[in-house]
Amino acid sequence: LLYRSLYDLVDLNQHHPRINRYLREMTQLWLATGIDGLRVDTVKHVSLAWQRSWLQQVYRHRPVYAAGEWYAGRNDWLPENFRFANESGMHVLDFPVSQRVRQVFRYRERSLIDLATTMDAAAQAYRRPLDQVLFIDNHDQNRHTLSDAAEHRRLTEQALAFILTARGVPSIYYGTEHYQLGAGHAPVNRPMMASWRRDTPAFGLISRLAALRRQHPALQFGTQRTRWVTPEVYVFEREFAGSVVRVALNRDSQQAAEVPDTATALPCGAAALPDVLGGRFGGPALPLGCHGRAGAFTLPPGAIAVWAGPLPSEPVPALGHAAPPLVSPGGLLTLAGRGFGARKGRVWVGPRAVAGTQVLSWTDRAVTLRLPAGPSEPLDLQLQRADGQRSDVLGGAVDRLGERLATLRLVVDAPPMAADETLWVDIAPADRHCKARPERDGPFYNRVLY
């Protein structure tokens, strides 16, 4: 159900002036404390229009990261989830992908081919696939680790390695680094920490891969490409601006896997590239050639291998990300990537160049500017370095909004409708009249009023 009460929890009418004002003031109070982001519960039960107008105010006050929960079951593929991520101005907890990760590494009911296929499909469905949150368990789910058995711990390690290297924003539930158990929902899956140790293999894996994410832009901004996949083996690469990271997982705890000669974006160099994890999870060295190919190798049972190529010393300018996803004229927009140079250049926002005092900061990895005025639309962005060299265009990464969004609520008194009927209300600016057919925002949802 949409826009209705859930599990008899108290609901709020965000369109009531006093509730609307309270929620906005409360959010600004939290932002003033210096929090890094917002996690918004059960977003599908709140008006999309109200959430967009609320986020516009949030980002104007302080442009933090925001993610909403649109719950999806283990085999759900919900168009509404993708629409929300693409149009609300908020990112989502990526349940379609994360549920597949759990099916592969916790329940073992789906194959690695299914995971690769889901990753490709989600990358097409999301406008901003890099921004969606990947996880393997949370406060509403069974803990990922099934038991203290070595096989189940290794599956948790493989799932962690995947979300820390795959496309998306990794989120790790407390205690998973210690293989916390809890086969059940709240409160079984929300116990106190069983340990504060820092020497578990999972803790070491998270620490090493988190450092690799900070170091390698491929893991921050890179596209993801499958290089080899079978029901039990997944080999993929991330690539961005000359940075390349390659990952290999063998879910089978009994049988080694023979991975053949495959294509790679890794540059030729040493005869073999060492495993970033030092072989602690069974990863071998990777044979490399100089013709865009990686040599055949044996991946031991249950192995996790990660290989990272050398970073280019003088990267060309490359735009990887822009935030926040909704920006109003005069609001702050931050671009991230590599090779921007130390001296201030300019940024092309659609056909218009932004330079001078409108560019507030400029480093080799990040630029912050004030968004110029213009029509409400998705924006194509391009960066021009001080030496005149331009990046590729980052298409439709953010949406420019008008000065202020106001939500409109319509109560339609209509005769009873059949189950397969839809009521549309077309709304267009007064100066457009019927010259052009208005865009339709989708069906209205019922709400109990009286």
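The table that follows gives values for the structure above.
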{"item": "Cα gyration tensor of the range 32-101 - equivalent ellipsoid semi-axes, whole Å, descending", "result": "23, 14, 9"}
{"item": "Cα convex hull volume per residue for the chain (Å³)", "result": "185 Å³"}
{"item": "Net charge over other residues, Cβ less than 14 angstrom from the Cβ of P79 (K, R count +1; D, E count -1)", "result": "0"}
{"item": "The range 169-310: Cα Rg divided by the 2.2 N^0.38 Å rule of thumb", "result": "1.16"}
{"item": "On Cα atoms only, tilt of 112-125 relative to the major axis of the chain in degrees", "result": "30 degrees"}
{"item": "Base-10 log of normalised Debye intensity for the range 227-266 (one unit scatterer per alpha-carbon) at q = 0.29, 0.30 Å⁻¹", "result": "-1.01, -1.05"}
{"item": "Computed [θ] at 222 nm, deg cm²/dmol, the chain (DSSP H ≥ 4; -39,500 (n - 2.57); rounded to nearest 500)", "result": "-7000 deg cm²/dmol"}
{"item": "Residue among A125, G68, Q220 farthest towards the positive dipole end of the chain, charges placed on Cβ", "result": "Q220"}
{"item": "Candidate residues I206, I172: accessible-area rank, largest first, probe 1.4 Å", "result": "I172, I206"}
{"item": "Mean Cα-pair separation over length for the chain, i.e. relative contact order, pairs under 8 Å, 6 or more apart, %", "result": "11 percent"}
{"item": "Helix axis angle, 150-165 relative to the chain longest principal axis, alpha carbon, degrees", "result": "60 degrees"}
{"item": "Relative packing of 222-228, 290-296, which averages over residues the other C-beta atoms within 10 Å, highest first", "result": "222-228, 290-296"}
{"item": "R0 of 45 Å, Cβ-Cβ distance W196-A414: FRET efficiency to nearest 0.05", "result": "0.15"}
{"item": "Potential lengthening between T363 and T298 on full extension [0.36 nm per residue; Cα-Cα distance subtracted]", "result": "19.2 nm"}
{"item": "Extension gain, E421 back to S253 (0.36 nm per residue minus Cα-Cα distance, nm)", "result": "55.2 nm"}
{"item": "Alpha-carbon radius of gyration plus Dmax, which is the widest Cα pair, for the range 1-142 in Å", "result": "16.4, 51"}
{"item": "Backbone HN-Hα couplings from phi across the range 325-332 [Karplus 6.51/-1.76/1.60, Hz, Gly and Pro as x]", "result": "x, 10, 9, 9, x, x, x, 7"}
{"item": "Residue list for the range 58-88, given a label point 7 angstrom along the Cα-to-Cβ vector of T33 and an amide N cut-off under 18 Å", "result": "58, 62-67"}
{"item": "Part-to-part distance (alpha-carbon centres) for the range 295-309 and the range 175-233, which is given in Å", "result": "18 Å"}
{"item": "For the chain, size of Cβ-based charge dipole, Lys and Arg +1, Asp and Glu -1, in debye", "result": "1140 debye"}
{"item": "Cα-based helix-to-principal-axis angle, 201-215 vs the chain, degrees rounded to 10", "result": "70 degrees"}
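The values are calculated or read from the model by the stated rules, or taken from the named source; none is laboratory data. This is a predicted model, so every value here is computed, not measured. We place every Cβ from the backbone using ideal geometry, glycine too, and count neighbours over all the protein chains shown. Quick note on the areas: whole protein, heavy atoms, side chains included, nothing else; ligands and nucleic acids left out. Shrake-Rupley method; radii C 1.70, N 1.55, O 1.52, S 1.80 Å.
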